[in-house]
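Student: Structure provided below as structure tokens; questions to follow.
The values are calculated or read from the model by the stated rules, or taken from the named source; none is laboratory data. Just so you know, these numbers come straight off a predicted model, no measurement behind them. Glycine also receives a Cβ, built like all others from the backbone with ideal geometry; neighbour counts cover every protein chain displayed.
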Amino acid sequence: MTRQPYLIESELSAGNVLLQPLQLSHRAALLAAEADGCLSELWYTSVPNADSIDAYFDSALQDKQQGVALPFVVIDKPSGNVIGATRYCHADVVNRRLEIGYTWYAKSYQRSSVNTQCKLLLLTYAFEQLNSIAVEFRTHWHNHASRAAIARLGAKQDGVLRNHSLDAQGNYRDTMVFSITNQEWPTVKHALLHKLASYAGN
């Protein structure tokens with residue numbers, strides 16, 4: 001009996017946000033989005049720039065081919081512009097767990113409803129279509145903005161992976177791990193919908 005793939009490529013859309021599977025044709029648009037805030041200069045992030053974008057695509061598309069990742073670009077539907085990227089990654093086919101990571105947005109779209117809408121789309125698909133039992137979020141110990149944003153989603157902190165990996169400068173990274181379980185998802189979904197409604201009311 002052939003096992004069905006866990007990650008099934010799909011375009012996700014709601015509100016002003018479209019998540020489109022990453023393609024090589026998105027290269028220039030991603031570089032333009034990075035330039036809005038010079039995001040790659042933040043030492044605790046892995047946002048691609050002109051020097052690293054080829055390796056970024058190689059890694060993302062190789063992981064996709066192996067069935068452990070599904071990378072997206074984030075598109076602002078009113079303008080049609082690519083404004084960032086996000087990804088299902090580190091998928092565990094047997095245990096039906098995955099991570100949402102490699103997420104970044106152009107500076108002009110930060111502190112807007114975009115992240116909430118993206119996470120609602122990704123979490124809904126993960127729990128309600130892929131039947132995931134848990135979704136993880138990981139971030140650099142020093143990325144305090146990311147840690148706060150993950151906590152606001154309703155994810156709970158699982159722990160800290162000390163000396164988890166080496167960064168591009170050869171420094172060890174401590175990684176914060178958060179997760180949402182399938183039992184927690186209905187409450188988290190309700191909270192995210194309420195949060196989006198508050199954005200619409202402003």
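Student: Across the stretch 162-202, what is the number of residues that are closer than 25 Å to Glu41 by Cβ, free of Cβ contacts under 8 Å to residues at least 24 places away in the same chain and assigned to a strand (DSSP E or B)?
Tutor: Looking only at that region, the number is 5.
Student: Confirm whether His140 is closer than 19 Å to Glu41 by Cα and free of Cβ contacts under 8 Å to residues at least 24 places away in the same chain.
Tutor: Values: closer than 19 Å to Glu41 by Cα: yes; free of Cβ contacts under 8 Å to residues at least 24 places away in the same chain: no.
No, not satisfied.
Student: What are the pairs, 6+ residues apart or on separate chains, where a residue within the stretch 120-132 that is modelled with pLDDT of 95 or more has its Cβ under 6 Å from a residue that is among the aromatic types (Phe, Trp, Tyr)?
Tutor: Phe127/Trp185
Student: Is it the case that some residue within the stretch 143-156 is in contact with a Gly (Cβ under 9 Å, 6 or more places away or on another chain) and either within 26 Å of Glu34 (Cβ to Cβ) or of a type in the set (A, V, I, L, M) (or both)?
Tutor: Taking the stretch 143-156 as the starting set, the residues that turn out to be in contact with a Gly (Cβ under 9 Å, 6 or more places away or on another chain) are none.
No: the stretch 143-156 contains no residue that is in contact with a Gly (Cβ under 9 Å, 6 or more places away or on another chain) and either within 26 Å of Glu34 (Cβ to Cβ) or of a type in the set (A, V, I, L, M) (or both).
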